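Asker: My questions all concern the structure below.
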Amino acid sequence: MKAAETKAFKATLQAMRARLRGDVTTMADAALRKTRSESSGDLSSMPIHMADIGSDAYEQEFTLTLMATEEDTLDLVEQALERIRARCYGTCEECGGVIAKKRLEAIPFAPTCIRCAEKLENGGFGGSSARPRQPR
């Protein structure tokens, strides 16, 4: 991959990293709020309705799940930036082939070419083929 192309992908990945870090921090703050009364300034510690407790728990769990997904993506972005530093960005980690530019434009942190990604998804590499395919 040309240096100019790599530089553009690096800038994209750095911007993505900054956004994801901000998102994770914001979600962590929202998910780890102590109670509805602390966040809204209510003087009473009793909820208005029992369903409020369930809603709060659901919202917290949902936010924590989103946060975990964002952290996973952030990790993939960090790995891609490391591949840029190691000068192997754009090279498939499975087969060593070139990752198509269109794929990197769509998913700049992609570590594999489309063929290898499909094989990995279907459990087609190494010992992972014994893994049962997940229903969709």
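A short reminder: the numbers here are calculations on the coordinates, not readings from a lab. This one's a predicted model, so the numbers in the text were calculated from it and none came from an experiment. For neighbour counting, all protein chains shown are included, and Cβ atoms are generated from backbone atoms with ideal geometry for every residue, glycine included.
Asker: For each of Ile107, Ile99, count neighbouring Cβ atoms within 10 Å of the residue's Cβ, then give the residues from fewest to most. Display every interim value, and only then the final one.
Answerer: Values: Ile107 14, Ile99 22.
Exposure proxy ranking, most exposed first: Ile107, Ile99.
Asker: How much length would be gained if the chain were fully extended between Leu66 and Lys2, taking 0.36 nm per residue of separation minus their Cα-Cα distance, in nm to one decimal?
Answerer: Length difference between fully extended and current span is 19.5 nm.
Asker: Further question: List the residues whose amide H sits under 5 Å from the amide H of Thr91, counting only those 5 or more places along or on another chain, with H placed 1.01 Å from N in the peptide plane.
Answerer: Ile99
Asker: Could you give the nm distance between label points at Ala100 and Ala30, where each point is 7 Å from its Cα heading toward the beta carbon?
Answerer: 3.5
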